[in-house]
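Structure first, commentary second.
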Ligand SMILES: [Cu+2]
């Protein structure tokens, strides 16, 4: 292995490690949905090369309304999928697209782009614990 190859390899390894850290570890505190009572829990999720917030905490047994505001034009983010709730929705750029569902059980559910590259998490807390 030449020094150049070794450098490229080391840089690649560092890039991969950073990507994993960025997507799976950093800033993973869920955004809490501050709504009380029995109404829908509404959250706006900005879609711009990723989901912001990427982690959302809601309460089980109440409707959740996620409003996706897509700002980018990447083909990657044009669809959002919530496999656990049977939702797959096209997100036109520059608009707000709302999906609504009711998580019946506490747990952590993923939402992703159509290809599973962009990832977000819905953390569903047991009723009364949010
Ligand atoms: Cu994608």
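Quick note: the coordinates plus some simple rules give every number you see, no bench work behind them. This structure is a prediction, so every number in the text was calculated from the model and none was measured. Cβ: placed from backbone, ideal geometry, glycine included. Neighbour counts: every protein chain shown.
Were the residues from residue 100 through residue 117 laid out at 0.36 nm apart, the gain over their Cα-Cα distance would be 3.9 nm. Legend: calculated FRET efficiency, residue 93 to residue 31, from the Cβ-Cβ distance at R0 = 25 Å, rounded to 0.05, equals 0.65. Between residue 48 and residue 72, the contour length at 0.36 nm per residue exceeds the Cα-Cα span by 8.1 nm. Note on residue 65 and residue 40: the model spin-label points, each 7 Å out from Cα along the C-beta direction, lie 0.4 nm apart. Using 7 Å Cα-to-Cβ label points, what is the residue 129/residue 12 separation (nm, one decimal)? Output for this residue pair reads 4.3 nm. Between residue 4 and residue 84, the modelled labels are 4.9 nm apart [label points 7 Å from Cα along Cα→Cβ].
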